[in-house]
Structures are given as C-alpha cells and as structure tokens.
Protein chains: 4
Amino acid sequence: MLINLDFESNEPIYQQLVHQIIEGIARKEIAPGEGLPSVRSLASDIGINLHTVNKAYQQLKQDGFILIHRQKGVVVNPDGVPKADANYKKQLEKNLRPLIAESICRDVSEEEFLRLCSTIFETYQGGSA
Amino acid sequence: MLINLDFESNEPIYQQLVHQIIEGIARKEIAPGEGLPSVRSLASDIGINLHTVNKAYQQLKQDGFILIHRQKGVVVNPDGVPKADANYKKQLEKNLRPLIAESICRDVSEEEFLRLCSTIFETYQGGSA
Amino acid sequence: MLINLDFESNEPIYQQLVHQIIEGIARKEIAPGEGLPSVRSLASDIGINLHTVNKAYQQLKQDGFILIHRQKGVVVNPDGVPKADANYKKQLEKNLRPLIAESICRDVSEEEFLRLCSTIFETYQGGSA
Amino acid sequence: MLINLDFESNEPIYQQLVHQIIEGIARKEIAPGEGLPSVRSLASDIGINLHTVNKAYQQLKQDGFILIHRQKGVVVNPDGVPKADANYKKQLEKNLRPLIAESICRDVSEEEFLRLCSTIFETYQGGSA
DNA sequence: GTGGTCTAGACCACG
DNA sequence: GTGGTCTAGACCACA
C-alpha cells in the first residue's frame, strides 16, 4: 500500500496518515487481521518522525480501526471497524454541512454533488468487486 | 442571522465563523449586496476579539464571498460567489474522500450516504423554495 | 472628463481621484489654466464626501498640479506642472522597483515590460497628436 | 540577504517586507527551494513583531512565492513563482498607469522613462549574468 | 465610525 | 523548536 503525504498541506501529517490508512482499509488493500508495519519501520520508510506515526496509530486504535499488540505488532481490527453509530453520523453531517453550503453558493447542483460522491464511492467499491 | 460558535471545538473560531456565514448565504438569509455587521460590532456581539472576526472576513473576501466597500462597509458579493472551478472541485473531492472512506469502513451504504447529503441540501434549498 | 472610481479598491478614493485628474491632464483633456469643478459640485457629481474631494485637491495643489484661488476657483497650473527633479525620479524608481522585481519573478521579459510601458505612453500621447 | 525597512514610510512594514523578499528572489539571492528564516527569528532580527513578519509570509504564500513546508519550514517555491497571467498584467498596467501619467505631466520623455526601467532591470539581471 | 496596521504576550498542535 | 490561533489594546487613515 502506498502512502502519499503532502508536507505542504495544512492537514497535519499524522492526520494524512490516518486518512491514507483508512482509505487503504476501505479499498480492501489491507484486510481485517492483517498486519501493519511497525511504528519504527513505517516512520523510516516515509521519512517522518516516530512520534508522528505513533500519533496516527494511536488515533486509529482509538477509533477501533486497528489493534496494537505488544507482541503481534499492529493489526487491522479482525472484528472489522465499529459500525456507524448516531454519534458518528452526527459528526459526519457536521463535516458535510460546510462542504455542501459552499457548493450551493458556488452553483454546484445537488445532482452534481451526489454524482461526485458516487464517483468517489466507486473508487473504493471497484476494489471489492 | 444567528451565529453559533463552539469554543470547545478544535475548529478555529474564525473558521467556524467563515462556515456559518457561508451557510447563511447558502440559506439565503443574507442576500447578495446586503451588508454584514462591522468587524467591531460583530466581535462584541459574539464576544470574541475583533481580530478573529477580521480574519474570518479577510478569508471570505479572499474567496470572493464578500467585498469590503469603502462606503457601504462589508457586503455580500453582489455578483454572487465565483462559480465552482476545476480547482474547487478537486479540493471538494479531496475533502469528501476521507469522509467517504471512513463511512465505507463503518458500513454506511452509498445510498444512506447520498440520502444524508440530500437531507442536508434540503436544509438550504428549502429556504429558497 | 470622466471620473471612474472603484469603491472596492484598496486604493483610497482621494488617491484615485488624484490619479484620475493627473491622467486627465496628461491626456490633455484639461489644459493648463483651465478650471476644475468646485469641491462641492465635484463631490455631489461623484456622490462622495466633500472632505474626500478636498483632500485630493489639496494634494494636487501640494504637488503643483493645480492652483486654488479663493475667487477664480480651482484651475490647472497655467505654468505647467513642475518638471521632474532628482527627488521625483528617486521616488519614481522606488515605485517602479517592486513592480519590476515581481515581473522578473513572474517571467515577464524586459522587452515585454518596456512594450507595456510604451503602450501606456501611447494612450496619453495619442491625445496630443 | 539584507532587509532594509523604512519605519517612517507610509508603506506598511509587512508590505515592505514582501517587496524586499520578492526583490531578493528576483536578484537570485534566495534560490527556489531555499529556506527563509523562521517568523520568530526574522522578527527578532529586524526588531519587529512576529505577527508582522507572519502577515508578510502569508501574503507571499498566497501569491505563490513561498511554501510553508511542515518539515523544512518556510521555503521559496521550488517550482518557481506562477507565471504572469492576464490578471497580473492587468494589475501591472493599473499600477504603471498613474506613474506614467505623472511622468508625462512632469515632462519625462518616454525614452527617459524606459531607460530608467532598463536600469532597474539591470540591477536584477546583473545578478544572474 | 470604519477597516488597516502594529505591538505584546499567551497557549496549543505539530514534528 | 516551528507555525497557528486568540486576546488585548493602541494608533492611524479614510470617509
């Protein structure tokens, strides 16, 4: 799995890492139960600080995406990721809302917006087909 | 128009302000050409520093949402906001992608996701109907 | 002579006025000795504040472009504008320098820059031919 | 690279800073990809507030002159500055026009004006020759 | 009264 | 250590 970081982005590196790993899971490039590189090796592979990788892993663990075993190392949660709960959906709406508001102001139609979402969905589901 | 800030959020206050004003424009609560409160009055209304309001206004100006008119003060761009260009859509996709990836991991179906988007769209377009 | 102000510009209105009048003189639309509208009438014509017009006139007087007679009103300096002195040229260079520096950074060649200047010169000298 | 500010000038300090840095880039004293001092160190070197430096940096970033790299700090845009587009040229003409108009009024000939521009150009291109 | 600029000092997230 | 954010208070130019 390829990690692609933008060091000039406003998005913190550890956040980009989190997103990239989640995308890898969504794209089924990394299956539940499968192992991830150790903090140390991943950090040196990408050329970033240990702390940064660690922070990403901690957040992924926090959100139930991965488990961190002292011995087995880092693995994708074999039970799968916790399903979306009300809380998650509330958060999702909160994130979506400003994107949609600005899109409306910029004359992006609802159809076009939904079409864009579908296109992105395909990017991931194509991998599972 | 009501401004509702969350001082506990990680999202910077000025960003929240930007979003809220954009939402106000999307909801057509503030019409093009209409005036916005002065930096000082808005700041004291919300109970934040005028520099924070100013930063929000500067960003909105930068993005073409508002103009700073020497006589009328701060006004919503009467020509409307610049339409979505390729750049904006690229940015939009970049913002949408991690939300969709995580939703997939959490077993949110595409239909459900699109339905949520539609619901949010209605929040705004209901105002114009 | 037409005055064309941009109320959304960063350039103060009185400065814009000063520039427009100087351009009028350069374009020979207003000849030396000729009269300019009174502060009051110009202000109401353009729809701006008296003080603003006054400030512009004061600066033009200061720079030797116009004379303000108590009775004859405002007239373009019949002796012509003071020639460029060393001081003016120093100032001119100081204003030109950042424009040229940025142009170089943006890959505007010297020829292109000079050509642009010539084109602008023609705008004025065409009027005298 | 030397920074030379005039605290008596009407030109805001942060603007002067922006210009000086652009001149430094034009003079090739700072090469693309090369680092600039941190906000704090530059501020204390010059003896101004760090916010003032920051404002200058933000504007340079906005205009594509510099990047804020999460690891390398502030660097001159390695891809070079965006070329002059129609918009920039329009702006340039708008800035040049009043300078030329006043020069005409003050009897500066076109040749002399162009010669001055050339002289300034040499100031920068001499560095690359 | 407005926005624009500058200063000063503080806290935080990031790497 | 960095930049990002927020506050507070000041002065000035503009209209």
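The values are calculated or read from the model by the stated rules, or taken from the named source; none is laboratory data. Bear in mind that the values here come from a model prediction, so they are computed numbers and not experimental data. Note: ideal-geometry Cβ built from the backbone for every residue, glycine included; neighbour counts use all protein chains shown.
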Long-range neighbours under 6 Å by Cβ, at least six apart or interchain, first residue within 13 Å of D:Gly73 (Cα to Cα) and of a type outside the set (Asp, Glu) within the range A:1-14, second within 16 Å of DNA strand F (Cβ to nearest atom) and assigned to a loop (DSSP other than H, G, I, E, B): A:Phe7/D:Arg70; A:Phe7/D:Gln71
Qualifying residue in the range C:4-24 (condition: in contact with a Pro (Cβ under 9 Å, 6 or more places away or on another chain) and of a type in the set (A, V, I, L, M)): yes
Residue count, the range D:48-61 (criterion: closer than 13 Å to D:Ile22 by Cβ and either more than 9 Å from DNA strand F (Cβ to nearest atom) or not assigned by TED's automatic domain parsing to the domain that holds D:Glu34 (or both)): 3
Residues located in the range B:60-71, provided they are free of Cβ contacts under 8 Å to residues at least 12 places away in the same chain and either more than 9 Å from DNA strand E (Cβ to nearest atom) or assigned to a strand (DSSP E or B) (or both): B:Gln62, B:Leu67, B:Ile68, B:His69, B:Gln71
Filter result for B:Val81 (of a type in the set (Val, Ile, Thr) and either in contact with a Leu (Cβ under 9 Å, 6 or more places away or on another chain) or in the same structural domain as B:Ile21 (by TED's automatic domain parsing) (or both)): no
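Inside the range D:95-118, can you point out the residues that are in a helix (DSSP H, G or I) and more than 9 Å from chain C (Cβ to nearest Cβ)?
Selection gives D:Glu111, D:Arg115.
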The range C:16-59 - residue that is β-branched (Val, Ile, Thr) and in a loop (DSSP other than H, G, I, E, B) and, of those, nearest to D:Arg97 (Cα to Cα): C:Ile30
Conditions (1) more than 9 Å from chain D (Cβ to nearest Cβ); (2) modelled with pLDDT under 95: number failed by C:Gln125: (1)
Residue satisfying condition, being within 13 Å of chain B (Cβ to nearest Cβ), touching a Pro at 6+ places or on another chain (Cβ under 9 Å) and loosely packed, with under 15 Cβ neighbours inside 10 Å, within set A:Asp63, A:Asp85, A:Asp79: A:Asp79
Among residues of the range C:1-31, those that are in contact with a strand residue (DSSP E or B) (Cβ under 8 Å, 6 or more places away or on another chain), at the interface with another protein chain (Cβ under 10 Å from one of its Cβ atoms) and surrounded by fewer than 16 Cβ atoms within 10 Å (Cβ to Cβ), counted: 2
Lone unmet requirement of (1) within 11 Å of DNA strand E (Cβ to nearest atom); (2) not in a loop (DSSP other than H, G, I, E, B) for D:Phe7: (2)
Test set (1) in contact with a strand residue (DSSP E or B) (Cβ under 7 Å, 6 or more places away or on another chain); (2) within 16 Å of DNA strand F (Cβ to nearest atom) - B:Val39 fails condition number: (1)
Restricting the range C:32-49 to residues that are within 14 Å of chain B (Cβ to nearest Cβ) and in contact with a helix residue (DSSP H, G or I) (Cβ under 7 Å, 6 or more places away or on another chain), the residue that is surrounded by the fewest Cβ atoms within 10 Å (Cβ to Cβ): C:Asn49
D:Val74 being more than 9 Å from every other protein chain (Cβ to nearest Cβ), modelled with pLDDT of 95 or more, within 16 Å of DNA strand E (Cβ to nearest atom) and not in a helix (DSSP H, G or I): yes
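Sort through B:Val18, B:Val39 and tell me the only one that's within 13 Å of DNA strand E (Cβ to nearest atom), modelled with pLDDT of 95 or more and outside the structural domain of B:Glu122 (by TED's automatic domain parsing).
On the way: B:Val18 fails: within 13 Å of DNA strand E (Cβ to nearest atom).
Sole residue among the options that is within 13 Å of DNA strand E (Cβ to nearest atom), modelled with pLDDT of 95 or more and outside the structural domain of B:Glu122 (by TED's automatic domain parsing): B:Val39.
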